[in-house]
Structures are given as C-alpha cells and as structure tokens.
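First the structure, in the form of structure tokens, and then the observations on it.
The values are calculated or read from the model by the stated rules, or taken from the named source; none is laboratory data. Everything numeric here is computed off the predicted structure, so don't read it as measured data. Quick reminder, even Gly has a Cβ in these numbers, built from the backbone with ideal geometry, and neighbours come from all protein chains shown.
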Amino acid sequence: MNELRTLAIRVLPLPGESIDSWLEALARRSWTSLSAFQEALGLPIYERTHRLLIAPSSEMLRQLEVQTGLAPGHLDQTVIPAGLVGRYAPRWRFCPQCLRESRGRWLTRWWLPWSLACTKHEALLHSVCPSCLKEPREFLPRPVHLNPHGHCMRPTGRRSVCGADLSAIPTLSLKQGHPLVQTQRELDRVAIGRNTNPDSVFTHAEECFTRLTQAMANSDLPALSSVPGEAWERLFITTPIPLTEFAAWRLREHGSKTLTREFLQQEYQKSGKPLRQIADAHSLPRAYVVRRARELDIPVYRGNRPHIFDDEWLQDQYVNQARSTGEIGQETGTDGNVVRRRLEHLGIPRRLFGVHSWPAMNKKLGDSVPADIRQATEGNLYGWLRLRRFQILMAFPTLTTTASYLKVRPSRLTGQFNRLESDLNAELFHRSVRQAAQRPTSRGASLLRDLNDPQVQMLMREALGPKFEPMPGREELEVAAAVADGADARLTALDSRLPIPAHLHVPPPILPLLEHLFEHADRETYATQIHTITGMHLATIQRQLKRFAEAGWLTTRQELREERPHGGRCRIYYALTAAARQIPIRDLLGNPRKPRKRTTPWDESLDTTLGQRQESGDQRVKEGCN
C-alpha cells in the first residue's frame, strides 16, 4: 500500500529541457492544470518558476523518476544549482523558433544569466512578451490545459492570462559566425548539474564575457541593425541583474582588482575624492566601496572631510548672529552635520531642533523699530508675511476680495489675521458686513502707519525677498468694490438711452442663466422652458429672472388667456432688452459653461411638448376636482 503510484500517461523530457517545462507537458497530456498535477505527484506548489528549478532535493527527483518511469538520475539535468542564480534569478529568455519547433518546450540553459543567443538558429534571445511587456515564465503557469502551447501564460487577472503567441515573434537574426554566437557555444559546452561548482563556472563565464565585450565594442556592435542592436544592449546591460549570485561574484572580482590599498590611498586619502565619486567613476555601489575601504583598514569619514574652523567665528555666527548650521556649512564649503559636530566638540549648546533654530525665528530687531512690528515678527516664522497681507487687506473692501487678489483661500487668510491679532493681543480691523466694507480699528490704523515707514518697508523686503507681494492697483480695487457683496450684490442697471458701463457686475451664480438668454436672444422664453433645457433649479431661475428684469436686462410679458385655449396658468415671457443685446457677452462670460442636464435643441417641437405636458397636467387637475 505504501508503494509509489506511477503515471499511466508519460512524456519523456527533451534533451536540455527544464523540469517546469516537462511537468507542463505532462499536465497538458493529462488534460489538467499544472498545480493540480503537482499536487497529485506530491510536489510542493511554488508561485515563481525559478523556485521549482532550484528547490527539488535528490529524494524528490528520485521519487518523481519512479512515478514517471524514468531512469535514475535522468532529471538531474533539468534543474539548476541554487548557487548559480541565488534567491533572485535573472529573466528567462527564449528563442521563438525553438518554441515553434519543439511545440512550446523550454530549455534549462535559457534560465542562466549568461544565455544571450540561440546557437541553433544564430539569433538573439527574447526576454519579454511583446504583448504584456513582462517576463512570460516568471510565474508558474496554472491552466496550461486550457491554453495553446508556446503562448504567454503570464497572469493578467484571477482567471485570465496574456495568451500572446511567443513562437510567432520575429527572430533577431545575427550574421553567420558572429562573435556572440561563438561565445554562446563556448558557454553552452559547460555542463550544468546539481553538483556544479559556481566559482569555476563564474570564472569561465567572466572570461568569455570579457572577450565578447571587447569584440562587440570594436567592430560587431556597429554592424548590428537597429532592432538586434537594441536587444543586445538591453540583454547585456541587464545581464546579470544586480541581485543574482553571478552579479555579486562579478562585483567582488571587479572591486578587488580595482579598489586596491594603493588606489584608495591615492584617490581617497591624498586626492580627497569622495567615495561616492569613486564608486560612480567605476560603476560600483557606494556601499561596496565603503565596505572595501574598511576591509583594507582605510579610515572612512562620515560626510565630508574634517573641516578646520575658526572657533571664535563659529561661536559668533551661531550664537550671536543666530545663523543655522546649514548656512554656516554652505559658507565654509561643508555641510550642516560637520558644523553640528564641531559645535558639540566646543561644548556650545544647540538651539531647539527644527523651525525654532531658523534665523528668522531668532533674529532681533532694534529699538528704533515700532513695538507692534517687533512683537509680530520676533520669534514668529511668518510674522512679516502676515503684516504685509494686513496692509493689502485694508486696501480691499472684504476679506474675500483680498483672497481672490492673493490667490489663496479665505479661510487661510482668516487664520493668518487671527494669529496676528493674537500676537498683538488686540483687534486690528472691523469685519465687513452687508453694504459696509471692512475698516481698521485705532490699533490697526496705528499699525498701518508704522508699516508705511521706509525703514520698516526695507526690513520687510529683506525678510520676504521674492515672497514680497505688491499692493493692488486701481483697476483691481475697482473690480473688488464692484463685487464686494458677492452673489447677492446688485446687478448693474442698464438703460438704452445711456452707453454701456465700462465695468459690468454679474454675480457668478447668474452667469449660466445669462449665457442661455444670450444664446437664444431672438425669441421669448419662460422659466419652465429654461429649467427643462439647462437643468437649473426652477426657484433659482424665477428669482434671477426677476433680478434681471428689475435691472433693465429683460422685458416681461404676461401671457394672454387667448393664447392658452386649453386653460391653465398663464406664463410670464422674458426677452433681452435692446441695451442688453449690445453687451459683448464673450468678454463678460469668459469661458462659458455648457448646460448641465441636456442639450435639447430649441425648436417648435419643444414648445409643443411642453404645452402638451402643461395641458395634460391641467386636465388631471380638473378631473380630480370633478
């Protein structure tokens, strides 16, 4: 009962085929998914393909050979030693023509980081699927029995795969006798098995890569066409990727030959080059250069080299002038960390960490500066900005118009002025109300006089620099005065006997309705009709039409009873006046908005439909009364 069960349907692995490809062929032959087939054989189910190639033990391979009727040791060539690829494996490359000829069978050597070309067809290997632009064999394929062989099985969803035909991709052919093909033949002759020594293979591969790089750089790389040339650069640059064992080995070999004790003493200690610069110049990670220097007992400095300071000057700049360590470091050609360590060595206590150590927070003004100015700026990071905006605020009628000029939110300005009044412990201005603009209090008027002093203005410009905001001009103030009351402000009154005013005030909520009226200026309209076309609220339309009529923009006409033979409430018709039609509407609207609900054309059919709806409603009312 404990004997292993063998498969009735068997498929022999092809020469050089990988274990995952062979198991996929068996699953297709048995018409089942690969995961279900692995579970039936008692194999662990891995998510990534390379884990299956490096994980099987000898006992697992012997058991699998008994179950599939293979000779002992037959599967040793289908796996890769873990020491060759490590935990993070390189991409699996492939030859489309080989996939087409073998009916979708994948080779083990395509997984090796030095596999760049197919020696059988003398072509560069592909590394990504042209459809999903991902590595097709990174993850183990699942529903293999439901998809054709040789297609990309990269998952694109819970139940879907890419499905691109990899065997139909154009071949990246190389010329006959190309050095890349010759080098690949030499690398392919190295036998890869479970007991392969990685160091010997890496040494041989590095020698081949060195000769290949020299040959390709001299003559053969310019001879490649555009597509194979781009593929070669992509393959060689990413071969091997930095996380593989081969890459780590190459890094150690290259670093040990380049970063000798004599080299680091000359470049780092005598010439003063930073380790980062040395690492970039030789294409090495900075962490490895640091580790190599410490292995050779060469002292590694944190940050820049030790800097010789004038201790009295440093104490004066940091303590008396209240300058930051970053500013001092920039002036002396070093950084803030070096300055901070020197201050610790001198026993100078550090200021509070963060914004409290900034120069603006610690700068003191002279007694010639008014007391309110000093109280608002000393120990405050944005004190000068609040004072400047208070000046601008008092030039406008409301806080909302000030926020529009400064392009900030009104709530932000409210917080800034509340903070300014809190710092000065006094109310600085009376807030605006209906038909009454904001105005300064006696304390605010005194502060404005102090701010207009030339000395204070010079200090403000120096403190704010490019953030110094200019005072508004006459035109900005006139526009602000016209819109001071916001959406409820009075419309500009029109008179056909007088010219159109230079500045027209139309509150923003009225603009969509105004746009509609000018688009249909050749006919009369009524509130229900506008509501059906624009989607605006009916009560809003009626209220705004009344405002337009009172301001002289619209004429009104009560519908006659003879015009409604079927009964019902008489409508009020509106039309633009002659004065309103002379307004340059494009300048007034700027960027007109489209109707919100629907764009039904304005024609007689709409009038008929609306009339029928009104008549039907009136008829239902009469029947209900009867």
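Selection over region 117-140 of residues that are part of a loop (DSSP other than H, G, I, E, B) and either outside the structural domain of I45 (by TED's automatic domain parsing) or closer than 19 Å to E47 by Cβ (or both) gives a count of 8. Being touching a Phe, Trp or Tyr at 6+ places or on another chain (Cβ under 6 Å) and assigned by TED's automatic domain parsing to the domain that holds R28 is the requirement here; does W114 meet it? Spelling it out, it is not the case that W114 is touching a Phe, Trp or Tyr at 6+ places or on another chain (Cβ under 6 Å) and assigned by TED's automatic domain parsing to the domain that holds R28.
Note on region 187-210: residues that are without any contact (Cβ under 8 Å) to a residue 60 or more places away in the chain and β-branched (V, I, T) amount to 3. Where helices (runs of 4 or more DSSP H) fall entirely within region 511-551, those with at least 2 residues that are modelled with pLDDT under 85, buried (at least 17 other Cβ atoms within 10 Å of the Cβ) and touching a helix residue (DSSP H, G or I) at 6+ places or on another chain (Cβ under 6 Å) are at 511-519.
For beta carbons closer than 7 Å, sequence separation of 6+ or different chains, a first residue in region 143-164 that is farther than 15 Å from S35 by Cα and a second that is crowded, with 18+ Cβ neighbours inside 10 Å and among the hydroxyl-bearing types (S, T, Y), the qualifying pairs are G150/S167.
Number of residues in region 301-320 that are at pLDDT below 75 and exposed (fewer than 14 other Cβ atoms within 10 Å of the Cβ) equals 5. If the condition is being of a type outside the set (K, R) and touching a Phe, Trp or Tyr at 6+ places or on another chain (Cβ under 9 Å), then region 571-585 contributes I572, Y573, Y574, L576, T577, A579, A580, I583, I585. Within region 557-568, the set of residues being free of Cβ contacts under 8 Å to residues at least 40 places away in the same chain and loosely packed, with under 15 Cβ neighbours inside 10 Å comprises R557, Q558, L560, R561, E562, E563, P565. Please verify whether region 148-167 includes one or more residues that are acidic (D, E) and either assigned to a strand (DSSP E or B) or within 35 Å of the chain's Cα centre (by Cα) (or both). Yes, that holds for at least one residue.
Working carefully through the options D199, D165, find the one that is loosely packed, with under 11 Cβ neighbours inside 10 Å and not basic (K, R). Being loosely packed, with under 11 Cβ neighbours inside 10 Å and not basic (K, R) holds for just one of D199, D165, which is D199.
When region 91-134 is limited to residues that are over 20 Å from P148 (Cβ atoms) and β-branched (V, I, T), the one that is nearest to the chain's Cα centre (by Cα) turns out to be T108.
For region 417-462, the candidate set comprises residues that are surrounded by fewer than 18 Cβ atoms within 10 Å (Cβ to Cβ) and within 37 Å of the chain's Cα centre (by Cα); within that set, the residue that is modelled with the lowest pLDDT is E462. Residue count for region 261-276 satisfying the condition of being loosely packed, with under 13 Cβ neighbours inside 10 Å and among the hydroxyl-bearing types (S, T, Y): 1.
Only a single item in (1) of a type outside the set (A, V, I, L, M, F, W, C); (2) at pLDDT below 85; (3) touching a helix residue (DSSP H, G or I) at 6+ places or on another chain (Cβ under 8 Å); (4) crowded, with 19+ Cβ neighbours inside 10 Å is not met by T239, and it is number (3). Screening region 326-350 for residues that are in contact (Cβ under 8 Å) with a residue 24 or more places away in the chain and either among the β-branched types (V, I, T) or not in a helix (DSSP H, G or I) (or both) and picking the one that is nearest to E378 (Cα to Cα) gives I348.
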